[in-house]
Amino acid sequence: MRQTLTQTDVRRLLDEPSAANREETAAKVAAAYSAEALSEDERHIAEDIIRVMTKDTEVMVRAALAENLKTYSGLSHDIAV
């Protein structure tokens with residue numbers, strides 16, 4: 001799976017917000033965030049997205065976040081909790 005979120009990914013998520021699409025989006029956002037591959041503005045946006053996705057009712061979405069953020073030492077405490 002590509003780890004870069006694209007406009008196509010966002011469009012697909014908006015058109016079909018299935019658990020699988022949310023899981024893929026969560027994984028991509030979290031991977032980019034933990035790889036520190038984002039600008040400061042992009043990091044703030046990613047943090048906001050991650051905070052929203054931590055409340056997703058689907059376990060697979062939260063698991064994708066956890067898997068991609070588990071070793072990142074710069075994770076905000078409120079997100080980790």
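The values are calculated or read from the model by the stated rules, or taken from the named source; none is laboratory data. What you are looking at is a predicted structure, and each value in this text was computed from that prediction instead of being measured. Neighbour counts run over all protein chains shown; Cβ positions are idealised from the backbone, glycine included. All accessible areas refer to the heavy atoms of the entire protein, side chains included, with ligands and DNA or RNA removed. Shrake-Rupley method; radii C 1.70, N 1.55, O 1.52, S 1.80 Å.
Mind checking which helices (runs of 4 or more DSSP H) fall wholly inside the range 3-70 and carry at least 1 residues that are touching a strand residue (DSSP E or B) at 6+ places or on another chain (Cβ under 7 Å), open to solvent by 20 Å² or more (accessible area, probe 1.4 Å) and of a type in the set (A, V, I, L, M, F, W, C)? Even if it seems obvious, please write down each step before you answer.
Values: elements: 7-15, 19-34, 40-53, 59-69.
It comes to none.
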Q.
When the residues of the range 6-35 are narrowed to those that are out of contact with any helix residue (DSSP H, G or I) (no Cβ under 7 Å at 6 or more places or on another chain) and small (Gly, Ala, Ser), which ends up farthest from VAL59 (Cα to Cα)?
A. ALA35
Q) When you scan the range 27-74, how many residues do you find that are in contact (Cβ under 8 Å) with a residue 40 or more places away in the chain and within 15 Å of LEU5 (Cα to Cα)? A) 4
